[in-house]
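The values are calculated or read from the model by the stated rules, or taken from the named source; none is laboratory data. Model, not experiment: these values are computed from the prediction. Because the Cβ atoms are built from the backbone with ideal geometry, glycine has one as well, and the counts that use them run over all protein chains shown.
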Amino acid sequence: MEGTLTARDKVGVQDFVLLDAHTSEAAFVDNLRKRFKENLIYTYIGTLLVSVNPYQELGIYTVSQMELYQGVNFFELPPHVYALADNAYRMMCSELNNHFILISGESGAGKTEASKKILQYYAVTCPMTESLQVARDRLLLSNPVLEAFGNAKTLRNDNSSRFGKYMDIQFDLQGIPVGGHIISYLIEKSRVVYQNQGERNFHIFYQLLAGGEADHLASLGLERDPQLYKYLSQGHCAKESSLNDKNEWKTVSNAFSVIDFTEADLENLFGIIASVLHLGNICFQEDDQGCATVPDTHEIKWIAKVICPLTPDLSAYARDAMAKAVYGRTFTWLVNKINCSLVNKDDTKKTVIGLLDIYGFEVFDKNGFEQFCINYCNEKLQQLLIERTLKAEQAEYEMEGIEWEPIQYFNNKIICDLVEERHKGIISILDEECIRPGPATDVSFLEKLEDRVGRHAHFQTRKLAGPKGQKRIGWSEFQLLHYAGEVTYCTKGFLEKNNDLLYRHLKEVLCRSDNSILRECFLVAELESRRRPPTVGTQFKNSLSSLLEILISKEPSYIRCIKPNATKEPSKFDDFLIRHQIKYLGLMEHLRVRRAGFAYRRKYEHFLQRYKSLCPDTWPHWHGPPGEGVERLVTYIGYGPEEYKLGKTKIFIRFPRTLFATEDAFEFSKHQLATKLEAHWRGVLARKEVQRRRWAVQIIRRFVKGFIHRDEPLGPDNEEYIVFVRKNYILNLRYHVPKNVLDKSWLRPPGILENASDLLRGMCLRNLVRKYCRGVTAERRALMQEKVVASEIFRGKKEGYADSLNQPFANSRIDEGDIHPKVLQLISSEKVEYGVPVIKYDRKGFKARQRQLVLTREAAYVVDVAKVKQKIEFSELKGVSTSSLSDGLLVIHVSPEDHKQKGDAVLQCEHVFEAVTKLVMLVKKDVVSVVQGSLQFSIGPGREGTIVFHTGPEEQIYKDKNGQLRVVSG
Ligand SMILES: Nc1ncnc2c1ncn2[C@@H]1O[C@H](COP(=O)(O)OP(=O)(O)OP(=O)(O)O)[C@@H](O)[C@H]1O
């Protein structure tokens, strides 16, 4: 009814309690069918879960499904076994109490699957520590081992559990699964020696033969073919296609290693399994005295020597009894051994959830001792259920302060007593008959029953029933009127099965076996004891009574499994079969009990939260106590006083129709509300849109106005715009500042920001320069100073200057070693500052000679290989001339009156910019003139020459007819 369910989840009712026709079995079946057709296999009766076996994978057990159900209110989501498991777990964690989940149903209804799903749910969703993973794995892996030894293929179920199982999962206070304990009930031993047509023995026999290593089988004296063994082949289906024995063997072997079985354990265990198979193959022949002999002792050597004065029939009986006893007790040993590995040695407080996977009510055409025990077990569990359910129901009414109305139900204690009462009950009578001296038979047992319990209202025989019973009850039968209906039992085999006798000397042999498991199973003390061992019936009664003791102290949850058809087909819903199970599972009775009080109850908070929109006082919020809110709400929607009751924390609604009406109103109001909300929301959106547009228009208008007045002084018309533009420009500038001194780019500023931009640009440049300067070495700085000087002299004046910029100046163009030592001697100053090869033109014929220009701190020398040709003291230097063209010519002028000198030095140098700059820096004066056209120079005192500069197709220097020096550059 609640939660965010999809339409699919709402097929029929999710809780039978909400069925209006709750007494109608037809309505019950209808609801089940409707849901089953939609693959909705789970339905609740209150907190009881009804599950119909889908016989197909439905994809509803994924990890995401587990996560979905984790920690969610039980009724919030569609019914699921996970919801039930989670609910028990949450309650256990919060209230620190113990729980059990009882899973019942007939063979093949899905009990074992349900219990596995619950175990997996806990394994995945419970918190876990690394050290406790082993405990979790052991809990999970105990299953395949128990199934191998305790399950078999039957006509009803290919993997039928042939024993009842109760498993405690122990949790520590953090809710981590830390250990477990298993109790098994009534393993079907008869299957070891006999199987019906189409059925098999326990899986483990076939798994061993199919999957065991060849060596292993050889050491056990076994062949791979199961047909060779009488105990495996009577059902004629040893090789069942739906079962993969070989794979299962691997799973079981792996599980054994995880749950602590040693090599020796396994050797002994499989030794027993093999012995049982060999035992089954022993045949007996009659000898002359009518005693049994064993014609083929091949098998015997694998077991022991048997010499026995019995008839062949009795021998075969003894053989089978031995096989059954050995297997049955080994199974018990196995369960104990698994328990040792599941035990949690830490003795801090634990809480438990018990899983009880037990046979449901069985009603066959022929019902024997087994059905009698199983149905007795179900009577006991039904009693527990009724008591616990009613108790819980009535406790809840009391706790909530609701007027309590006694609920009428059938108390089946009377049937339990009929079966189990000491000295008076059927089991006691059977035991008496088993031990009394003299010939006791199944018939004498029946007569005794008639005599002792014949007047009981729930007991009937053919003789007691008179003519009425003739059709229904046979002469060797008795009938019990169980809570779930009549069942007729045939007394044949009751005595033998109840006695379950094993010849004493066989027990003796087994006590002395080399196999340590057998020695544990057959204790010498048992032989020595003079007391008769309890019969099967009494043992079962005692174990049931212990089970009930375990269960009574725990909080119950129930799962009732239903088998939809007898042919294991998906989607087939067999009405007849299902009605039968509804009856025997006591579902109608359970529903009636649940409905006797109030159909529906919910905490005030939850109820209010869901339905508050139905009343203006509680919508959208109720601020008072929730109980008062609920009262206001139900009064407003018109609940009559007989329809509900208000408890301390919950509202109780008597009839489903009241709740349905409320739910319908809620659905309707939800639509209305949705429409209203939608309209309201659209209005809000539209208003928002209008406001947004209006705002945008205003912004744009102000922006345009600002733009128009952008160049005016700051004022109301442009302030916003300018602030915006300024901010925008500055923010943008961040990404466009030049990265180095040579980068001349700059973000163009808006008109209003030109000044600021210039200032910023200056700052930025200074900053870059400073940064650059800091990174410059002394050597490089000196070179750059020279370049600066060169720039002052030549920039914009002489051709080729720009190209020279990126050619670094050298410290000297000749090595000191290249200058003749004699020359060096003649040079007065100690150090040559700079030297460069030059061509010197003489004054007469302007002849060109290879020379070097050598500069010291005081003078310039023109030298040849070994001689100083001319020395010009800087003090006498009058100036330096170059042309504006790219001819490399330079003239060092000397004083015209200086008679020591031969006139000005006319030189041509490849590195004219460099040489002139070095000279100027040494002279420390601006002495250079860059001339255009021509220049005058002194040839000697009182005599002058002219040099004319121009450009031409070919570079050359020559004396023209006027005696002038012509310098042509390219
Ligand atoms: N929830 C489920 N989803 C899919 N298949 C299922 C489900 N439950 C049961 N089955 C199918 O039905 C078969 C029988 O189920 P299961 O063995 O649990 O029955 P059971 O009630 O334990 O029978 P028995 O009393 O004979 O042991 C399973 O092997 C499986 O194929």
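Given the condition touching a helix residue (DSSP H, G or I) at 6+ places or on another chain (Cβ under 8 Å), buried (at least 20 other Cβ atoms within 10 Å of the Cβ) and of a type in the set (Val, Ile, Thr), answer yes or no: does some residue in segment 883-892 qualify?
Going through segment 883-892, the residues touching a helix residue (DSSP H, G or I) at 6+ places or on another chain (Cβ under 8 Å) turn out to be 888-890, 892.
Checking which are buried (at least 20 other Cβ atoms within 10 Å of the Cβ) leaves us with 888-890, 892.
If we keep only those that are of a type in the set (Val, Ile, Thr) as well, we get 892.
The answer is yes, given that some residue of segment 883-892 is touching a helix residue (DSSP H, G or I) at 6+ places or on another chain (Cβ under 8 Å), buried (at least 20 other Cβ atoms within 10 Å of the Cβ) and of a type in the set (Val, Ile, Thr).
Taking residues in segment 903-923 that are in contact (Cβ under 8 Å) with a residue 12 or more places away in the chain and among the hydrophobic types (A, V, I, L, M, F, W, C), and partners anywhere that are outside any strand (DSSP E or B) and crowded, with 24+ Cβ neighbours inside 10 Å, the pairs with Cβ atoms closer than 7 Å and at least 6 places apart or on different chains are Cys909/Ala915. Residue under question is Val927, and the condition is that it be under 22 Å from Lys787 (Cβ atoms), surrounded by fewer than 19 Cβ atoms within 10 Å (Cβ to Cβ) and of a type in the set (Val, Ile, Thr); does it hold? Yes.
Of all the residues in segment 341-372, those that are within 16 Å of the ligand (Cβ to nearest atom) and surrounded by 24 or more Cβ atoms within 10 Å (Cβ to Cβ) number 6. Of all the numbered requirements in (1) within 21 Å of Arg813 (Cα to Cα); (2) surrounded by 18 or more Cβ atoms within 10 Å (Cβ to Cβ); (3) modelled with pLDDT under 90, Lys869 misses one, and that requirement is (2).
Within segment 214-247, the set of residues being within 36 Å of the chain's Cα centre (by Cα), outside any loop (DSSP other than H, G, I, E, B) and surrounded by fewer than 20 Cβ atoms within 10 Å (Cβ to Cβ) comprises Lys246, Asn247.
Quick one: which residue in Lys925, Lys918, Lys902, Lys878 is closer than 28 Å to Ile814 by Cα and in contact with a His (Cβ under 7 Å, 6 or more places away or on another chain)? I'd like the intermediate steps shown before the answer.
Numbers: Lys925 fails: in contact with a His (Cβ under 7 Å, 6 or more places away or on another chain); Lys918 fails: in contact with a His (Cβ under 7 Å, 6 or more places away or on another chain); Lys902 fails: in contact with a His (Cβ under 7 Å, 6 or more places away or on another chain).
From the options Lys925, Lys918, Lys902, Lys878, the qualifying one is Lys878.
Hey, among Lys507, Lys568, which residue is touching an Asp or Glu at 6+ places or on another chain (Cβ under 9 Å) and on the phi > 0 side of the Ramachandran plot?
Working: Lys507 fails: on the phi > 0 side of the Ramachandran plot.
After ruling out the rest, the residue left standing is Lys568.
Can you name every residue in segment 670-679 that is modelled with pLDDT of 80 or more and under 16 Å from Pro616 (Cα atoms)? Correct list: empty.
Among the criteria (1) under 30 Å from Ile272 (Cα atoms); (2) in contact with a strand residue (DSSP E or B) (Cβ under 7 Å, 6 or more places away or on another chain); (3) within 10 Å of the ligand (Cβ to nearest atom), the one Ile103 does not fulfil is (1). Here Val443 passes the criteria (1) in a helix (DSSP H, G or I); (2) within 49 Å of the chain's Cα centre (by Cα); (3) of a type in the set (Val, Ile, Thr) except the one numbered (2).
Quickly run through segment 885-902 and pick out the residues that are without any contact (Cβ under 8 Å) to a residue 24 or more places away in the chain and closer than 21 Å to Tyr834 by Cα. Residues satisfying the conditions do not exist here.
Quick check on this structure: which one of Arg610, Arg595 is more than 30 Å from His623 (Cα to Cα), touching a residue at least 24 places away in the same chain (Cβ under 8 Å) and more than 16 Å from the ligand (Cβ to nearest atom)? First the steps, then the outcome.
On the way: Arg610 fails: more than 30 Å from His623 (Cα to Cα).
Result of the check over Arg610, Arg595: Arg595.
For Leu385, the test of being more than 16 Å from the ligand (Cβ to nearest atom), more than 39 Å from the chain's Cα centre (by Cα), aliphatic (A, V, I, L, M) and crowded, with 17+ Cβ neighbours inside 10 Å is failed. Contact map, segment 131-158: residues that are in contact (Cβ under 8 Å) with a residue 40 or more places away in the chain and under 13 Å from Gly179 (Cβ atoms) paired with residues that are assigned to a helix (DSSP H, G or I) and away from the ligand (no atom under 16 Å from the Cβ), Cβ distance under 7 Å, separation 6+ or inter-chain. Pairs shown: Arg136/Ala123; Asp137/Val258; Arg138/Val258; Arg138/Ser341; Arg138/Leu342; Leu139/Leu342; Ser142/Ile338; Ser142/Leu342. When the strands (runs of 3 or more DSSP E) confined to segment 899-949 are screened for residues that are more than 17 Å from Leu965 (Cα to Cα), modelled with pLDDT of 90 or more and hydrophobic (A, V, I, L, M, F, W, C), those reaching at least 1 such residues are found at 928-931.
May I ask you to list the residues in segment 806-829 that are of a type in the set (Lys, Arg) and in contact with a His (Cβ under 9 Å, 6 or more places away or on another chain)? I'd like the intermediate steps shown before the answer.
Step one: of segment 806-829, the residues of a type in the set (Lys, Arg) are 813, 822.
If the condition is that a residue be of a type in the set (Lys, Arg) and in contact with a His (Cβ under 9 Å, 6 or more places away or on another chain), then Arg813 is the only one that fits.
Just to be sure, is Tyr82 farther than 21 Å from Lys10 by Cα, within 14 Å of the ligand (Cβ to nearest atom) and in contact (Cβ under 8 Å) with a residue 24 or more places away in the chain? Don't jump to the end; show me each part of the working.
Numbers: farther than 21 Å from Lys10 by Cα: no; within 14 Å of the ligand (Cβ to nearest atom): yes; in contact (Cβ under 8 Å) with a residue 24 or more places away in the chain: yes.
In short, no.
Among the numbered conditions (1) touching a Lys or Arg at 6+ places or on another chain (Cβ under 7 Å); (2) modelled with pLDDT under 90, the only one that His590 does not meet is (1).
For segment 33-52, the candidate set comprises residues that are under 16 Å from Ile118 (Cβ atoms) and outside any strand (DSSP E or B); within that set, the residue that is nearest to the ligand (Cβ to nearest atom) is Ile41.
Residue pairs whose Cβ atoms lie under 7 Å apart, sitting 6 or more positions apart in sequence or on different chains, and linking a residue in segment 930-943 that is touching a residue at least 40 places away in the same chain (Cβ under 8 Å) to a partner that is surrounded by fewer than 17 Cβ atoms within 10 Å (Cβ to Cβ) and assigned to a strand (DSSP E or B), are Phe937/Glu944; Ser938/Glu944. Would you call Leu208 more than 16 Å from the ligand (Cβ to nearest atom), over 19 Å from Ile559 (Cβ atoms) and under 21 Å from the mean Cα position of the chain (by Cα)? Against the criterion (more than 16 Å from the ligand (Cβ to nearest atom), over 19 Å from Ile559 (Cβ atoms) and under 21 Å from the mean Cα position of the chain (by Cα)), Leu208 does not qualify.
Here's the yes/no breakdown for (1) within 26 Å of Gly71 (Cα to Cα); (2) more than 19 Å from the chain's Cα centre (by Cα):
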residue: Lys117; (1), (2): yes, no
residue: Tyr121; (1), (2): yes, no
residue: Cys126; (1), (2): yes, no
residue: Glu130; (1), (2): yes, no
residue: Ala135; (1), (2): yes, yes
residue: Arg138; (1), (2): yes, yes
residue: Val145; (1), (2): no, yes
residue: Ala148; (1), (2): no, yes
residue: Lys153; (1), (2): no, yes
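Looking only at residues that are near the ligand (Cβ under 7 Å from one of its atoms) and of a type in the set (D, E, K, R) in segment 118-158, which one is surrounded by the most Cβ atoms within 10 Å (Cβ to Cβ)? Here the answer is Asp158. Restrict the check to segment 31-53 and report whether at least one residue is crowded, with 20+ Cβ neighbours inside 10 Å and at positive phi. Taking every residue of segment 31-53 in turn, at least one turns out to be crowded, with 20+ Cβ neighbours inside 10 Å and at positive phi. For segment 344-363, state whether one or more residues are modelled with pLDDT of 85 or more and in a helix (DSSP H, G or I). Among the residues of segment 344-363, not one is modelled with pLDDT of 85 or more and in a helix (DSSP H, G or I), which makes the answer no.
The residues in segment 340-361 that are in contact with a helix residue (DSSP H, G or I) (Cβ under 9 Å, 6 or more places away or on another chain) and either within 23 Å of Asp431 (Cα to Cα) or not acidic (Asp, Glu) (or both) can be counted, and the count is 13.
Listed conditions (1) farther than 27 Å from Thr62 by Cα; (2) within 16 Å of the ligand (Cβ to nearest atom); (3) within 34 Å of the chain's Cα centre (by Cα); (4) of a type in the set (Val, Ile, Thr) are all met by Ile182, apart from (1).
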